[in-house]
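All remarks here apply to the structure that follows.
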Amino acid sequence: MTLQNFIKRFNHYKYPYMFIAPALVLLLTFSIIPIIIALVISFTDIDLAGLANYSNIEGVGFDNFINVFKDPVFLKSMFNTMFYVIIGVPLVVMLAMGAALLLNYGTGLLFKTFRVVYYMPSITNIVAVAVVWGYLYNSHYGLFNHILSWFGVPAQQWLTDPALAKLSLILLAVWKSIGLNMIIFLAALQGIPRSYYEAAEIDGASKWKKLLYITVPLLSFATFFVTITTLIGWIQFFEEPLVMTKGGPLNSTMSMALFIYNNGFQLSNFGYAAAGSFVLFIIIIAVTVLQFAVKRKDVEY
C-alpha cells in the first residue's frame, strides 16, 4: 500500500477514530502506561531514596517475585482473599437476585422506597459505613451483641477474633454490594417479555416453574455480568479491611490489595509492592478469561 493510498483510507475512516480517541487517550494514560511502569518497577528495588535520586535504583531481576511468594504475610493474604471470594461472591449474587425478584413484583411507593433503601449502601462513603458498623460490632455496647444477649448468647469479639473478623468483613461488604447489583437484575427482569409468562400460565406452570425455567435462564447474561464484576471487585478486596481492621488481628483479614498498599505506601517498598500487584493482576486476568471461556461453552451448548 502506497503512502497516498494509506492517507486516503485514513481520511475515509478517520471519523470513527476521532470519536474513540478521547477514550483511547484516557485508557492509555491511566491504565496501560501505569501498568507498564509498574511492571518495570517490579524488577527494581525502588523506594523513597530511589524516588529522590534515580541513581539509587538497582535492578533485582525476579527477586521481588520470588520473595513475595516466600512472604508468609502475602501467602496469608492470598488465602484470605480466596476465602472472601468463595464466601462473598455467591452471597452477593444470590441476595441481589433475590432482592430484585421480590421488588420486581410491585410498583407502588413502598416498593420504590425499598429500591432506594437497598441501593443507598452502594453509594455511601466507606468511612461513614465503617463508623456505623464499628458501633454495631462493638464488643461492649454494639447492637449485634445486644441482640445476642436476648437469646443468652455471650458477647462476641467481632473484629478481634481471627475467624469472626473475616466473616464480619464479608457481612459488611455483602450489605454494601447488594444495591448496585440488584439494580442490574431489576433492569434485566423488566426486559423479559410478559408473553413468556402468559404462555407458561396457559400451560399450567406454577410460579416456581416459571422462576426456574423462564426467569433464571433469561437472567443468565445479567448473572454473568454481575458475577464477573463482583468477582473482580472481591479479588481486589481492600476498603473494608483497611478501615475496619487494618488487616488484623494477626493478619487474619489481610487481603492481597491491602498487602500491596501496606508495602507500597506504608513501608515504601515500591518494587516489592509492584511485584505483588502483578501477581494480583495475573490472577484477575486468569479468572476473567476462565469465566468468559465457561460462558462461551454454555452459549455454544
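Brief remarks follow.
- Between I66, I57, I41, I46, the distinction of being in contact with a strand residue (DSSP E or B) (Cβ under 9 Å, 6 or more places away or on another chain) and of a type in the set (A, V, I, L, M) belongs to I57 only.
- Wholly within the stretch 22-123, helices (runs of 4 or more DSSP H) carrying at least 1 residues that are among the basic types (K, R) and under 30 Å from N269 (Cβ atoms): 63-70, 72-104
- Entirely in the stretch 175-287, the helices (runs of 4 or more DSSP H) that have 3 or more residues that are touching a helix residue (DSSP H, G or I) at 6+ places or on another chain (Cβ under 7 Å) and aromatic (F, W, Y): 220-235
- For beta carbons closer than 6 Å, sequence separation of 6+ or different chains, a first residue in the stretch 164-188 that is free of Cβ contacts under 8 Å to residues at least 60 places away in the same chain and farther than 20 Å from Y137 by Cα and a second that is charged (D, E, K, R) and crowded, with 20+ Cβ neighbours inside 10 Å, there are no qualifying pairs.
- Selection count, the stretch 65-86, where residues are within 14 Å of V174 (Cβ to Cβ) and buried (at least 17 other Cβ atoms within 10 Å of the Cβ): 3
- E300 vs. criteria on the phi < 0 side of the Ramachandran plot, modelled with pLDDT under 90 and surrounded by 15 or more Cβ atoms within 10 Å (Cβ to Cβ): no
- Condition met for F74 (aromatic (F, W, Y), touching a helix residue (DSSP H, G or I) at 6+ places or on another chain (Cβ under 8 Å) and within 30 Å of T288 (Cα to Cα)): yes
- Subset tally (residues that are surrounded by 15 or more Cβ atoms within 10 Å (Cβ to Cβ) and without any contact (Cβ under 8 Å) to a residue 40 or more places away in the chain) for the stretch 115-136: 1
- Within the set T253, T223, T227, the sole residue that is at pLDDT 90 or above, within 28 Å of Q190 (Cβ to Cβ) and surrounded by 18 or more Cβ atoms within 10 Å (Cβ to Cβ) turns out to be T223.
- The C-beta contact set for the stretch 206-229 (first residue more than 28 Å from I284 (Cβ to Cβ), second residue of a type in the set (K, R) and part of a helix (DSSP H, G or I), distance under 6 angstrom, 6+ apart or interchain) is empty.
- Those residues of the stretch 92-119 which are of a type outside the set (S, T, N, Q), more than 22 Å from the chain's Cα centre (by Cα) and modelled with pLDDT under 80, in sequence order: Y105, G106, G108, L109, L110, F111, K112, F114
The values are calculated or read from the model by the stated rules, or taken from the named source; none is laboratory data. This one's a predicted model, so the numbers in the text were calculated from it and none came from an experiment. No Cβ is skipped: glycine too gets one built from the backbone with ideal geometry, and neighbour counts run over all protein chains shown.
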